[in-house]
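Encoded as structure tokens, the structure appears first; notes follow it.
Each reported figure results from applying straightforward, stated rules to the coordinates on display, with no laboratory input. Note that the structure is predicted; figures quoted are calculated from it, not measured. Reconstructed Cβ throughout: ideal geometry from the backbone, glycine too, with neighbour counts over all protein chains shown.
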Amino acid sequence: MKSEILSQDRNILVIKSEVEADSFAKAVSDAARDLSRKANLKGFRKGHVPRKTLELFFGKETLYQEALERLLPRVVDELLQEYDLVLIDEPKIQMGTVEEGKPLDVEFTFEVRPEVTLPNPESLTATRSLHTVDEDLVDQQIQKVLEMNATLHPLEEQRTVTQEDIVDLRYNSYVLEGEKQESLETDQKSPVELQNPSLRREIAEALAGKSVGETFDLDLPVDSDYRDPRVAGKTVRYSMTVEGLLQRVVPALDDETSHKLTKGECPTVDAFRTRVRRDLESAAADHATDSLRASAVKALCDGAQVDLPDSLVKRRTQELRKDQEERIKKETGLEWQSFIQQAGLEETQLLADLEVKAREDVKRSLVLEAWADQENIQWTPEEMNLEIQGMAKAMGVEADRLKSFILSNQERFGEIASKLRGRKAVDSLVSKVKVEDRQVKEDFAEAQVTPAEEAPHA
């Protein structure tokens, strides 16, 4: 097979290939043999249908198409090896004249992984964030735990509802359709916190100023794309009664509370404090490691030079938008456009922000892959087994069963292999950069550090 590069623009290569006539003829012959085995033609046994008969019934073009589907993937593989290319998208193929007995002229347009210029890792500095777990931090964490386990109790004070209150609400709901109303929920009771951001503004405004014992109706329109088809595009009437006001009561820190919150593992306050301190120290160590890895990758990306392919940025932007749409749908029941309108957001700005994030993700992925290639990072079967065992333990399933599933699922296996290689690549990077430690005071328990190797595979 002969080939030559016709043009190259950024990461787009056009390669012309001449496939020998004999190779195409063999592919056609193989296609005819397979079609003969599958064809169910009267008067012929399967596998014994003459080629002329196949061409009469199915057309010569069908045989040629089958042959090309067999032949062209092999040609692509040969070209990728010959020119040492890594594809980031399916190649575009332009065929010349297709005729047996003559060579095939084919033009392939390849979108390949762009070249990445990496900085010297010894010139890079990464920061590791360190947190001191002192008594004040332990006290703060204990208070958070206590507040998370607060219970609601009736408020003795009889007054009107304010925006800061929690209302003990009893209600019935109905779907309104013209003059008809169909019951949805009957005699429901629920605590309603007016400052809860997920509570519809109309409900909070309607409750504010009401008195204990007061009953009223509230009609609310529902978006046509709401997840519940019973109410989508309709109006729901809520008949509400303010049963009372509620207050959060935080449990006292004593031996009984310590025993209850830890299901008996910490029978005393001292034991509880020891456990909280241990958990904080473990979280601080994890955060220090994560911050170092993320900082090292950022330093590598900042120092790297790469021309980001538009197709990868566009693809990643679409993935991020899809993820956001699914999250919004799950949390609010609203479709993308409805959420934007109700939240008073600008779609143009949201998409621009997603593209910025997409460009960061794509660059991180390309740079890490280039680093892994440069350092010849590979994973071993033993490491893959340990990875699967860890996944199985976290999922609560048998490791052998999970391994069998992963090995039979090429896409899933590729994802795990890429993640494992990425993690090893970051380990290698961290071992070579200069590390600076800094003491930080912000609450690391709430700080979220994106794993350095969590990037889309380019």
Report summary line: Lys and Arg at +1, Asp and Glu at -1: neighbours of E4 with Cβ under 12 Å from its Cβ sum to -2
Query - V435 long-range amide H proximity, modeled H, under 5 Å - result: A126
Query raised in the report: To the nearest 0.05, how large is the calculated FRET efficiency for D22 and M95 if R₀ is 22 Å and r is the Cβ-Cβ distance?
Result: 0.75
Query raised in the report: Using a simple spin-label model with points 7 Å from Cα along the Cα→Cβ vector, what separation in nm is obtained for E164 and E331?
Result: 2.7 nm
Query raised in the report: How would you rank L87, L207, going from fewest to most other Cβ atoms within 10 Å of each one's own Cβ?
Result: L87, L207
**Report entry** Value at 222 nm in deg cm²/dmol, rounded to 500, when DSSP H runs of n ≥ 4 in the chain each add -39,500 (n - 2.57)
**Finding:** -16000 deg cm²/dmol
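Fully extended, how many nm does the chain gain between Q374 and A271 (0.36 nm per residue separation, minus their Cα-Cα distance)?
The Q374-A271 span can extend by a further 32.1 nm.
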Report summary line: Summing +1 per Lys or Arg and -1 per Asp or Glu among the other residues with Cβ less than 14 Å from T274's Cβ gives -3
Query - Linear extension gain, T62 paired with K357, 0.36 nm per residue minus alpha-carbon span - result: 101.6 nm
Query raised in the report: aspartates and glutamates near K189 by alpha-carbon distance under 12 Å, same-chain residues fewer than 8 away left out - which ones?
Result: D168, E243
Query raised in the report: What net charge is computed for the residues neighbouring V435, neighbours being all others with C-beta under 13 Å from the C-beta of V435, Lys and Arg scored +1, Asp and Glu -1?
Result: +2
Query raised in the report: How far is it, in nm, from the label point at R70 to the one at S431 when both lie 7 Å from their Cα along the line to the Cβ?
Result: 4.8 nm
Query raised in the report: Charges only on Cβ, +1 for Lys and Arg, -1 for Asp and Glu: so what's the dipole of the chain about the Cα centre, in debye to the nearest 20?
Result: 1880 debye
Report task. For the chain, calculate the relative contact order in percent as a whole number, restricting contacts to Cα pairs under 8 Å that are 6 or more residues apart. Result -> 18 percent
Report summary line: With a 24 Å threshold on alpha-carbon distance, the violating pairs from K52/K92; K363/K403; K298/K424; K314/K363; K180/K329; K363/K432 are K52/K92; K363/K403; K180/K329
Report summary line: With 0.36 nm assigned to each residue of separation and the Cα-Cα distance removed, R33 to D307 gains 93.9 nm
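Assuming a ≥ b ≥ c are the square roots of the Cα gyration tensor eigenvalues, decide whether the stretch 261-439 counts as rounded (a/c under 1.5), prolate (otherwise, with a/b larger than b/c) or oblate.
Rounded shape, in that the Cα axes give a/c under 1.5.
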Requested in this report: Compute the distance in nm between two label points, each set 7 Å from the Cα along the Cα-to-Cβ direction, one at F44 and one at E122.
Outcome: 7.1 nm
